[in-house]
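Peer 1: Before anything else, here's the structure in question.
Read-outs throughout are calculated quantities, based only on the coordinates presented, and are distinct from any laboratory measurement. The structure displayed is predicted, hence computed values, not measured ones. No Cβ is skipped: glycine too gets one built from the backbone with ideal geometry, and neighbour counts run over all protein chains shown.
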Amino acid sequence: MPLRYFVESFTMSSVTQVQASAAHESDSPKPDLRDFSLHELEGMVRESGERTFRARQIMGWLWSRGAESFDSMHDLPAEFRGNLKQRFDIGSIARPHVARSSDGTRKLLIRLRDAEDIESVIIPTEGRTTLCISSQAGCAMGCGFCATARMGLHRNLAAGEILGQVMAARCELDPGETLTNYVFMGMGEPLANYPRLHRALTVMTSDWGLGISPRRITVSTVGLAPAMDRLLADFPVHLAVSLHATTDEVRDRIAPINKRFPLQVLIDACKALPIARRRRITFEYVMLDGVNDSSNDAHRLVKMLAPLRAKVNLIFFNPFPDAGFMPSSRERVEDFQAILHRGNLTATIRESRGRDIAAACGQLFAERNPAAVSLPRSEAASPA
Ligand code: SAH
């Protein structure tokens, strides 16, 4: 039970500590109220002499009604509101800069309070609207084909900053549009920021928070094997693993985390995961011309994933300046898919969305600093 685990793992004495670290992380004098769980808030409410139920009331304002100020919480006693205002901030994400693609995809460039920029993407497809969420500013994983990797890791996002993306995206929806799916495929490696991801998922999936079904949430990881198990023990979310290669030699080169968790270790870890019945792990595979797209690769992939309940998502490589890779041709991608299908492996091809606004997979990068994208590849490819 995710919520119980979360509640049990935080004693009251940790509240002050949490407040301090939340303030430190976002470099703000006041902690962000969006960083806290209901349990923590109840403790703080009691400490300040108010009745416990006020915490639920505040959560209702924050998450159901999207309140951005304490003044709007008019059913709280005025004195208590004043007290909260002195001690906390709410969010404090400025209105994002929004770029709209001809296909309806919207990219939100969000400036955080310490002037870090992150990106989130609203992706409408038939029957669903997906929000692509960032978990870190930059990324330390150093994948050779990813624009965010070129930034290096700037910092982890606080839970309130992860959740703030959902709140900001809600304000950018078209009339009648609602978010139906959430994917952690924006900037950063979510499992490298597990404590805050955990906090954010707790708010997202709790009845007192955003009340989102965990089945509508996908966490995508480069393959931090030990943390995958922990995630699925805590939340029944959907897991996507960025595989991208069928030999250690190639994966070492394009996803250097492979040196720490080589393919066999990763696949063994996947085999041991508690995957619910009728659910599967998605393996993402970005198709790089002449690097990982041969027929032999496809055959090896079939063999590698045969013991797993798996499906494969073939991704067209989205180029960016000085990427050093070329996308495989559509024909190659379709041939590759056909081999997987003949091997009884479900494989879909992910069509690029929002390319005209550089919002496609792997193109997320704080564009206000474009010079940093063109680091020499050798430098960019080493993990921080
Ligand atoms: N760090 C996580 C989540 C962020 S990346 C992960 O590695 O899964 C989300 C997906 O986009 C990953 O599968 C990643 O490999 C893919 N990706 C990165 N750069 C890309 C690019 N230039 N073109 C296509 N897909 C890319």
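Peer 1: Find out how many positive minus negative residues lie around Asn313, taking Lys and Arg as positive, Asp and Glu as negative, among other residues whose Cβ is under 13 Å from that of Asn313. It would help to have the intermediate numbers written out before the result.
Peer 2: Details: positive: Arg280, Lys311, Arg350; negative: Glu284, Glu351.
In short, +1.
Peer 1: Lys259: which lysines have alpha carbons under 27 Å from its alpha carbon, excluding same-chain residues fewer than 8 sequence positions away?
Peer 2: Lys271, Lys303, Lys311
Peer 1: Could you list His341, His238 so that the one with the fewest beta carbons within 10 Å of its beta carbon is first and the one with the most is last?
Peer 2: On the way: His341 14, His238 22.
Placing the least packed residue first, the sequence is His341, His238.
Peer 1: Which value, in debye to the nearest 20, describes the size of the charge dipole of the range 97-380 about its Cα centre when Lys and Arg Cβ atoms bear +1, Asp and Glu Cβ atoms bear -1, and nothing else is charged?
Peer 2: Dipole size: approximately 760 debye.
Peer 1: Next question, about the same structure. Report the local net charge at Pro214: Lys and Arg +1, Asp and Glu -1, summed over other residues whose C-beta lies under 12 Å from its C-beta. Can you show the working numbers first?
Peer 2: On the way: positive: Arg215, Arg216, Arg279; negative: Asp234.
Counting the neighbours of Pro214, the net charge comes to +2.
Peer 1: Follow-up. What does the convex hull of the Cα atoms come to per residue for the range 97-380, in Å³?
Peer 2: Details: hull volume 36.7 nm³, N = 284.
Dividing the Cα hull volume of the range 97-380 by its residues yields 129 Å³.
Peer 1: Report for the range 97-380 the percent antiparallel among DSSP-assigned beta bridges with both residues inside it, nearest 5. All intermediate terms of the calculation are to be shown ahead of the outcome.
Peer 2: Values: 19 of 44 bridges.
That works out to approximately 45 percent antiparallel.
Peer 1: Here's another thing I want to ask about it. What aspartates and glutamates sit close enough to Lys30 to cross-link, taking a C-alpha to C-alpha distance under 19 Å and skipping anything fewer than 8 places away on the same chain?
Peer 2: List returned: Glu40, Glu42, Glu47, Glu68, Asp71, Glu79, Asp89, Asp114, Glu116, Glu161.
Peer 1: Something else now. Would you list Phe283, Phe320 from fewest to most Cβ contacts within 10 Å?
Peer 2: Phe320, Phe283
Peer 1: Place a +1 charge on the Cβ of each Lys and Arg in the range 50-156 and a -1 charge on the Cβ of each Asp and Glu, then give the dipole magnitude about the Cα centre in debye, rounded to the nearest 20. If you can, show how the numbers build up before the last one.
Peer 2: On the way: 16 positive and 12 negative charges, 15 e Å.
In total the dipole reaches around 80 debye.
Peer 1: Right, something else. Counting other beta carbons within 10 Å of each Cβ, put Cys171, Cys270, Cys146 in order, fewest first. Write out the running numbers ahead of the final one.
Peer 2: Numbers: Cys171 12, Cys270 24, Cys146 27.
So the ranking, lowest neighbour count to highest, is Cys171, Cys270, Cys146.
Peer 1: Now a separate question. For the range 244-290, just say rounded, prolate or oblate: build the C-alpha gyration tensor, square-root its eigenvalues into a ≥ b ≥ c, call rounded for a/c under 1.5, and beyond that prolate if a/b exceeds b/c, oblate if not.
Peer 2: Working: a/c = 3.41, a/b = 1.61, b/c = 2.12.
In terms of gyration-tensor shape, oblate.
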